[in-house]
Structures are given as C-alpha cells and as structure tokens.
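Okay, structure first, notes after.
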Amino acid sequence: MIKGFKDFLMRGNVIDLAVAVVIGAAFSAIVTAFTNNLINPIIALLGGNNVNGLAVKLGESDKTIMDFGAIITAVLNFVIVAAVVYFIFVLPMNKIKERREKGKEPGPSEPTDIELLKEIRDLLAAQQRNG
C-alpha cells in the first residue's frame, strides 16, 4: 500500500499539480489587484461612484444587497486566470507533448493468441518427433 502511494506521488502528475496550485494562488493575487485597481474603477464609472453602484438593496438590511459588480469582478478574475494558465502552461505543454509523440515510432506488435498457440503446437510437434 505504501509503495503504491509512493509510486503515485513520484509519477509526476502530483508534483505538476502542486506547482500549478502554488503558481495559480500567486497569480490570482496579481489578477485580484488588476481587477480591483483597473477593472473595478471602469465598472464603477458605468454604474455609479463606486463598484457598489451596480448593487441592488432588496430590503432594509445590508444582508439583502445583490452586488453585481462583485460578480462581474469574480467572473473577470476567473477568465483572466484561466486564459493565462491556458496560454502560458497548457498550450506550450501540449505542443511539447505533440513533438515528443511525433518522434516516437510504434514498437513491435504483440503476438496474438492464435500466433502463440500455433508456435506452442509447432514446438510440441517438434519435441515429439525428436523425443
């Protein structure tokens, strides 16, 4: 069980995933700063004096505020992070993978069951003749 877990960890996918999570977390801080300081002022310009200008208060309580500006910001954060991850990480890795696969030649094919049975039959027949 421990060996299987060790093989899983050392396969490479887990390490790649860990690197992606760390880079994604660091990059999301950059994207959040970008949207808060560049995109939100543009949204605020369209909706009022601040981003909450795109918010609607449904009742007397502050808990009833529907903040469309925050939703737009979250969607933009996601789109920017997804685009950067795709174009910086996924696309180049797919290109590298394609290049590696082009260089590979198919190996020898495995013999079929029928071919193996014929070979065993021939060996047994040769053994009976000699023996």
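The values are calculated or read from the model by the stated rules, or taken from the named source; none is laboratory data. On a predicted model such as this, the values are computed, not experimentally measured, just so you know. Heads up, the Cβs are rebuilt from the backbone with ideal geometry, glycines too, and the neighbour counts pull from every protein chain shown. Areas reflect the complete protein model, heavy atoms only, side chains present, ligands, DNA and RNA absent. Shrake-Rupley method; radii C 1.70, N 1.55, O 1.52, S 1.80 Å.
General remarks:
- Whole-Hz Karplus values for the stretch 56-61 come out as 10, 9, 7, x, 6, 7 Hz, taken residue by residue from phi with 6.51 cos²θ - 1.76 cosθ + 1.60 and θ = phi - 60°; glycine and proline positions read x.
- Per-residue ³J(HN,Hα) for the stretch 90-103, Karplus 6.51 cos²θ - 1.76 cosθ + 1.60, θ = phi - 60°, Hz, x for Gly and Pro: 5, 4, x, 5, 5, 5, 5, 4, 4, 4, 5, 6, 5, x
- Annotation: amide H of Ile65 within the under-5 Å range of Leu58, sequence separation 5 or more or interchain, hydrogens built in the peptide plane.
- Solvent-accessible area, 1.4 Å probe, carbon plus sulfur percent, for the stretch 59-112: 66 percent
- Judged by the mean number of other Cβ atoms found within 10 Å, the most tightly packed of the peptides 123-130, 68-75 leads the ranking 68-75, 123-130.
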